[in-house]
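Worksheet for the structure shown next.
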């Protein structure tokens, strides 16, 4: 039976299955992860930790300082700057678009002289390890299509997420943990932010074995990680063996790759019953590590605790680790609402970079930080002496990267005096994806999967590697 299964999988090699899926059917012991596609050339990063900031952080309140705006406060945004930009339904009916300069102080940091807001004092300490990309732009203007675009390279749901693409293309370094893990945290002070759906880290039309495993902050870190009361581990092992034998019979009859996925996931789930409790037990971490990430790192489910878990996952060879942090959707009362999420990520991001560097892991771990779009320079709602809000802004915003394959201490791209339009070195979502893949040794043009008669890829029919920021 296994021989027939093996023959079927080798016959599927042209569609991107074959050896990796066969490996999932074989006994768990001593089977190396076999990449489907890459790497295509020498890699700089072995893994990615993507710190996704859901809601759209305001670039001009955090990274993109525009000192000249102070003299333009409350004046109308010139039509020559706005250039007929499409507006959301939240500001389309406004009769006025007054300029709202940031109320936060900025300073230069490190030898690179990077400008950072006073909201990020800890991140400023490692400015020389970071590349700030100030010329990001996207096509989406509303949250769900914008987040979906960053996750899948397409605004409409249904395509594989970036982590699934990498799990498919590069495989896993650890047979006892999934290649792709997701964690979600709620930002301080913004409990009603936009929802995040499980499809954002799904496998789309790839076999579902490549979708993320979501770690939870309450109860068991992974659903059903414990055996039911009264069921010992050896009984569970026999149960899985019997179920897999039935699934192999069904697979032989039907030839459905999802049956192979089911077998692989049963095996992974069994191995995770041992690997996950050890992974999530932070009791052996020294106090100095918790001090590095900040006191919130002791509280499960916080961004800081998830950053510490991300380092532990990276140590154990997980390929793609994504931390979603909600709390950046500040349409009104921005001065009241932005300090919370900024504080959430500031110490923890600094701690993650520093911790990885101290362990010699930053050189082969790529960190990416950013949201789905930026924020407008004009005020949404009423502008007052101490209050303003900002609408969605896809034309320009800031992201940062650090670690494996990225040149440190760089500020790349330029925006106009209003932080409204890009004036030099634009970076599109597809360009970001192409660059991330490049750092992992993958040619984005060659990471493809045939579905419904077409060869799809993460970067669709676009994308270029941003070589100027590569180490």
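General remarks:
- Every residue from the stretch 238-254 that is out of contact with any helix residue (DSSP H, G or I) (no Cβ under 7 Å at 6 or more places or on another chain) and touching a residue at least 24 places away in the same chain (Cβ under 8 Å): 249
- In the condition set (1) surrounded by 14 or more Cβ atoms within 10 Å (Cβ to Cβ); (2) within 22 Å of residue 417 (Cβ to Cβ); (3) modelled with pLDDT of 95 or more, residue 85 is compliant with all but (3).
- The residue of the stretch 277-294 that is farthest from residue 347 (Cα to Cα), among those that are in a loop (DSSP other than H, G, I, E, B) and under 24 Å from the mean Cα position of the chain (by Cα), is 281.
- Within the stretch 307-340, tally of residues that are within 23 Å of residue 117 (Cβ to Cβ) and either in contact (Cβ under 8 Å) with a residue 60 or more places away in the chain or surrounded by 22 or more Cβ atoms within 10 Å (Cβ to Cβ) (or both): 17
- Hey, residue 397 over 14 Å from residue 334 (Cβ atoms) and crowded, with 24+ Cβ neighbours inside 10 Å or not: yes
- The number of residues in the stretch 433-456 that are touching a helix residue (DSSP H, G or I) at 6+ places or on another chain (Cβ under 8 Å) and in a helix (DSSP H, G or I) comes to 4.
Residue-wise test of (1) in contact (Cβ under 8 Å) with a residue 12 or more places away in the chain; (2) under 24 Å from the mean Cα position of the chain (by Cα).
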position: 190; (1), (2): yes, yes
position: 195; (1), (2): no, yes
position: 213; (1), (2): yes, yes
position: 236; (1), (2): yes, no
position: 256; (1), (2): no, no
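- Filter result for residue 229 (over 28 Å from residue 299 (Cβ atoms), at pLDDT below 80 and surrounded by fewer than 11 Cβ atoms within 10 Å (Cβ to Cβ)): yes
- Some residue of the stretch 341-359 being touching a strand residue (DSSP E or B) at 6+ places or on another chain (Cβ under 8 Å), assigned to a loop (DSSP other than H, G, I, E, B) and either touching a residue at least 24 places away in the same chain (Cβ under 8 Å) or farther than 27 Å from residue 301 by Cβ (or both): no
- Applying the criterion of being in contact (Cβ under 8 Å) with a residue 24 or more places away in the chain, over 19 Å from residue 322 (Cα atoms) and in contact with a helix residue (DSSP H, G or I) (Cβ under 6 Å, 6 or more places away or on another chain) to the residues of the stretch 268-295, the residue that is surrounded by the fewest Cβ atoms within 10 Å (Cβ to Cβ) is 270.
- Scanning the stretch 95-126 for residues that are surrounded by fewer than 24 Cβ atoms within 10 Å (Cβ to Cβ) and in a helix (DSSP H, G or I) yields a count of 3.
- Summed over the stretch 48-64, the residues that are under 23 Å from residue 471 (Cβ atoms) and either part of a loop (DSSP other than H, G, I, E, B) or modelled with pLDDT under 95 (or both) give a count of 1.
- Matching residues, the stretch 197-211, being touching a strand residue (DSSP E or B) at 6+ places or on another chain (Cβ under 9 Å), in contact (Cβ under 8 Å) with a residue 40 or more places away in the chain and not in a loop (DSSP other than H, G, I, E, B): 200, 201, 210
- Of the residues 45, 70, the single one that is at pLDDT 85 or above, under 27 Å from residue 114 (Cα atoms) and assigned to a loop (DSSP other than H, G, I, E, B) is 45.
The values are calculated or read from the model by the stated rules, or taken from the named source; none is laboratory data. Predicted model, so just to flag it, every value in this text is computed and none were measured. Note that each Cβ is placed from the backbone with ideal geometry, even for glycine, and that neighbours are counted across all protein chains shown.
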